1. How would 96, 167 line up from fewest to most surrounding beta-carbon atoms within 10 angstrom?
2. Can you give me the Kirkwood hydrodynamic radius for the range 50-98, using every pair of distinct Cα atoms, in Å to one decimal?
3. Sorting 9, 273 on the 10 Å Cβ count, fewest up front, what's the list?
4. Along its principal axes, what span do the Cα atoms of the chain show, with the longest given first and each in whole Å?
5. Which cross-chain or sequence-distant (5 or more) residues have an amide H under 5 Å from the amide H of residue 81, H modelled 1.01 Å from N in plane?
6. Placing +1 at every Lys and Arg Cβ and -1 at every Asp and Glu Cβ, with all other atoms neutral, what dipole size does the chain have around its Cα centre, in debye to the nearest 20?
7. Antiparallel versus total DSSP beta bridges in the chain: what percent is that, nearest 5?
8. Give the separation of the Cα centroids, the range 1-66 to the range 226-252, in Å.
Amino acid sequence: MKRSTDRILTSHCGSLPRPRELLAPLHAKDAGDAYDPDDLARRVRASVREVVRKQAEIGIDVVDDGEHSKSSFAHYARARIGGLERRNEPQRYLGTATRDSLAFPGVYEEMRVMFAARAEKIGRPHGMQAMVCCGPIKYIGHKELAADIENLRNAIDGLDVEEAFITAISPTNLEMYLPNEYYRSDEDYLVALAEAMNEEYRAIVDAGFLLQIDDPRLITYYNRTPGLSLEDNRKFMALRVDIVNHALRGIPEDRVRFHTCYSVNVGPRIHDLELEHYVDLMLKIRAQTYSFEAANPRHEHEWKVWEQVKLPDGKILMPGVVSHCVYQVEHPELVAQRIERFAQVVGRENVIAGNDCGFATAAAGDEVHPDVAWAKLQSLAEGAAIASGRLWR
């Protein structure tokens, strides 16, 4: 994995605004409904070419396909995992109370209505039907993954980019989205999911791309589980860190990025798990680069945690320096200052500039308007150039 050896490299955490016309067929595919596969494949190829070109054009060094073949960062796996049964009921994790929603019920009711309206706008019901594990888990997504790999390889051909990555969901998140009715224990189920996803992870790395593991549930579980103590939450996390590492077996650490965040949740978020309470566990994950939220008003101050935590040798931080939950476009000078804080603490070569969370992570549509998302990435690139000029002068 390339480091910031002579300037601050730029990247992002994966999801970029999809063309509106892709949303309905992508959702249908991942929900198991009818769609035209040939037409969707053609549209996805064209969309990936365009989104990669845009990234290169504005100066993003480490690019991806924007997740344009997926309705969301997680739901794509419903079509890639065998052993599941579709149920005529809503997904079971939906509607559960969180610490934040209990503290701010009016705010979260407005958010629920807003997401329902977005779903209606693109012509589908809000949410998907439940998929439940009722048999042995196995990976069946080889064909779709091969298409993703080919699309990205063709899209970067001839472009001036440093590297490219492909995102993949963690077993921890699949455990939440795909409840278990087959395996005897949570741990048995997690191991089965890890062994299935290892096939996807290996194929991405074997194809020459960086692998990014997406794992928001690792740190959102605390907010989603009112009454859970910090000690019990750390036990939950420790097991799932071991499971991620099991899923990464046989994969070189220096080809892996790990991303965690607090999900979309453009809310008050006073109950987010703080970095100081999980940073040691995150650093046990067998990745070289760690991507996390550091640009929004709830977490920007946490850069100081790294004054107390020693970054292990060979590791890289990819802090968010622009945020998905603040609609103002960050000034490039502010972006530069955020980068410089981290560079001064852990070393300039150990920092890649990123964003807090995906700009289009949910099947309901774009959380950030495409024009704003691209302006934020432009500011990220400009801020990295400013910081580089000062850090290497």
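Rule-based calculations on the coordinates, nothing more; no lab input. None of the values given here were measured: they were computed from a predicted structure. In this analysis, Cβ positions are derived from the backbone assuming ideal geometry, glycine residues included, and neighbour counts consider all displayed protein chains.
1. Details: 96 10, 167 24.
Starting with the residue having the fewest Cβ neighbours, the order is 96, 167.
2. Numbers: mean 1/r = 0.0707 Å⁻¹.
Hydrodynamic radius (Kirkwood, Cα pairs) of the range 50-98 is 14.1 Å.
3. Values: 9 24, 273 20.
So the ranking, lowest neighbour count to highest, is 273, 9.
4. Projected onto its principal axes, the Cα set of the chain covers 61, 49, 45 Å.
5. Answer set, sorted by chain and number: 140.
6. On the way: 49 positive and 60 negative charges, 12 e Å.
Approximately 60 debye in magnitude.
7. Numbers: 7 of 31 bridges.
Once the DSSP bridges in the chain are tallied, antiparallel ones form about 25 percent.
8. About 29 Å separates the Cα centre of the range 1-66 from the one of the range 226-252.
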